[in-house]
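As structure tokens, the structure follows; a few thoughts come after it.
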Amino acid sequence: MRFYEYEARKIVELAGIPVTKYGFCQTADEAREVAEEIDGPVVIKSQVLSGGRMKAGGVQFADTPDEAADHAATILDLEINGLMPRGVLVDPKAEVKREYYVSVVWDGTAKKPLMLFSYMGGIDIEEVAEEHPDYVGRAHISNLLPVFDFEAKQVIAATGVTGSQLNRATPILARLARLFLKYDMTLAEINPLAELNDGSFVALDAHMDMEEEAIGRQKQLLRKELKIAEDDTRDNYEPSDFERNVKAIDGADHRGVIQGKDHGFKGDLGLVIGAGGGSLTLTDAVRNQGGRPANYSEIGGNPSVAKACGLAKEVLQKDGVEKIAVMMSIVSNTRVDIVARGVIKACLELGLDPAETIAIFRIPGAWEDEGFEILDKYGVEYCDRSVSLWDAAGRAVAKIQGEAA
């Protein structure tokens with residue numbers, strides 16, 4: 001789950017990290033009131049789940065409350081990267097002496113959180129790491145053990161920061177690492193962390209991403225502290241009819257699981273695929289061999305025939321779909337015969353010939369022989385685990401391309 005900046009600021013504040021006296025506003029009048037309370041120059045920032053706010057005009061400066069209200073009215077009507085703002089954040093214009101970058105990110109390769117620090121804040125950390133690698137300090141922390149201040153101090157000191165700056169930045173990075181672990185984050189970033197003219201440190205911007213699977217156990221933070229509704233999924237696009245229909249089919253039957261996504265897909269080969277990373281591998285295999293997937297999907301956990309049929313029918317009814325490829329890697333308890341019955345049932349109910357519609361069926365696993373007997377009956381080409389995922393995807397692509405020729 002992604003968080004808006006005003007929510008990320010609240011999370012940072014809950015962790016004991018200093019923030020400015022900001023205000024979240026959804027009208028121009030509210031922005032004027034917050035600016036009056038701040039009683040000085042302010043910054044008005046669009047609250048959208050997208051980057052590029054500054055370039056798009058979503059960040060404006062104001063010297064008076066009336067000017068703040070005018071800017072807020074403009075920004076509230078400003079679409080950025082296809083998204084309308086949730087509101088605006090009104091923040092004091094800080095007198096900054098120096099900007100730093102601090103974050104904790106999930107390192108998928110090491111499978112550990114990674115602390116990062118740079119005394120070049122306010123710009124992309126990727127750019128700094130590439131052009132000035134010595135300016136970035138980094139170190140992994142444990143998933144299980146407590147985070148100690150000395151670990152954060154070593155990361156910061158590695159960049160050459162010393163003295164009072166080192167002592168003041170250390171607890172901020174350490175607290176950021178603790179909130180990362182406490183709230184199951186995949187990203188906890190403050191950019192910039194500002195050193196003000198009086199020597200104090202304050203977070204001027206924050207970005208937070210939470211692991212989706214952790215939403216259920218983080219209800220105290222999400223529902224009580226941040227007041228985020230359960231149906232606020234933070235999708236950056238409106239779900240398609242295909243995605244809504246697949247979700248409804250999945251929710252109507254507790255047996256197994258199906259998922260479907262078609263955002264960004266426009267192709268002629270529908271995919272009924274499963275097995276987690278196997279699904280990603282299969283989608284890539286189709287694309288890399290010149291195929292055009294019409295969707296992404298997941299099927300597994302021993303679904304019912306009705307659920308397998310429902311997913312296949314939704315895929316087959318997508319615009320442009322000519323054939324479907326039914327594929328998985330090695331499965332655990334998903335019965336091959338159930339998936340076979342489901343996809344053949346979908347073809348028949350739509351008046352389609354399974355042998356012509358199913359380009360390939362490659363699902364090894366439980367009840368494999370029974371499943372292959374069903375496929376034999378309808379003349380569907382199938383293969384077992386002796387055929388690689390790459391080759392199975394290639395066969396499906398070849399059938400589509402053969403018909404096109």
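The values are calculated or read from the model by the stated rules, or taken from the named source; none is laboratory data. These numbers were taken from a predicted model, which means no experiment stands behind them. For neighbour counting, all protein chains shown are included, and Cβ atoms are generated from backbone atoms with ideal geometry for every residue, glycine included.
Does at least one position in the range 178-187 carry a residue that is more than 30 Å from Leu389 (Cβ to Cβ) and assigned to a strand (DSSP E or B)?
At the first step, the residues of the range 178-187 found to be more than 30 Å from Leu389 (Cβ to Cβ) are 178-185, 187.
Remaining after also requiring assigned to a strand (DSSP E or B): 185, 187.
The answer is yes, given that some residue of the range 178-187 is more than 30 Å from Leu389 (Cβ to Cβ) and assigned to a strand (DSSP E or B).
Tell me, please, whether a residue that is touching a His at 6+ places or on another chain (Cβ under 6 Å), in a strand (DSSP E or B) and at negative phi can be found in the range 203-213.
No, the range 203-213 has no match at all.
In the range 126-141, what count of residues is obtained for those that are out of contact with any Leu (no Cβ under 7 Å at 6 or more places or on another chain) and modelled with pLDDT of 95 or more?
Total meeting the criteria: 2.
Across the range 226-235, what is the number of residues that are under 13 Å from Phe3 (Cα atoms) and acidic (Asp, Glu)?
Number of matching residues: 2.
Starting from residues that are among the aliphatic types (A, V, I, L, M) and more than 23 Å from the chain's Cα centre (by Cα), keep the ones in the range 75-88 and report whichever is farthest from Gly40 (Cα to Cα).
Residue satisfying both the conditions and the ranking: Leu78.
Take the residues in the range 62-95 that are within 19 Å of Tyr4 (Cα to Cα), charged (D, E, K, R) and touching a residue at least 40 places away in the same chain (Cβ under 8 Å), then tell me which one is surrounded by the fewest Cβ atoms within 10 Å (Cβ to Cβ).
Selected residue: Arg86.
Which pairs have Cβ atoms under 7 Å, sit 6 or more apart or on different chains, and link a residue in the range 100-116 that is closer than 18 Å to Phe150 by Cα to one that is surrounded by fewer than 21 Cβ atoms within 10 Å (Cβ to Cβ) and among the aromatic types (Phe, Trp, Tyr)?
Pro113/Trp106
Name the single residue, out of those in the range 95-116 being in a loop (DSSP other than H, G, I, E, B) and not hydrophobic (A, V, I, L, M, F, W, C), that is farthest from Val202 (Cα to Cα). Show your work before the answer.
Quick first cut of the range 95-116, residues in a loop (DSSP other than H, G, I, E, B) only: 95, 108-111.
If we keep only those that are not hydrophobic (A, V, I, L, M, F, W, C) as well, we get 95, 108-109, 111.
Values: Glu95: 11, Gly108: 29, Thr109: 32, Lys111: 30 Å.
Among them, the one singled out is Thr109.
Only one of Asn295, Asn302, Asn288 is more than 19 Å from Asp384 (Cα to Cα), surrounded by fewer than 23 Cβ atoms within 10 Å (Cβ to Cβ) and out of contact with any Cys (no Cβ under 8 Å at 6 or more places or on another chain); which?
Going through Asn295, Asn302, Asn288 in turn, the sole match is Asn288.
Here is a list of conditions, (1) basic (Lys, Arg); (2) under 30 Å from Val305 (Cα atoms); (3) buried (at least 18 other Cβ atoms within 10 Å of the Cβ), and Lys153 meets all of them except one; can you say which number that is?
Checking Lys153 against (1) basic (Lys, Arg); (2) under 30 Å from Val305 (Cα atoms); (3) buried (at least 18 other Cβ atoms within 10 Å of the Cβ), the one that fails is (2).
Does the range 43-61 contain at least one residue that is surrounded by fewer than 19 Cβ atoms within 10 Å (Cβ to Cβ), outside any loop (DSSP other than H, G, I, E, B) and among the aromatic types (Phe, Trp, Tyr)?
Looking through the range 43-61, at least one residue is surrounded by fewer than 19 Cβ atoms within 10 Å (Cβ to Cβ), outside any loop (DSSP other than H, G, I, E, B) and among the aromatic types (Phe, Trp, Tyr).
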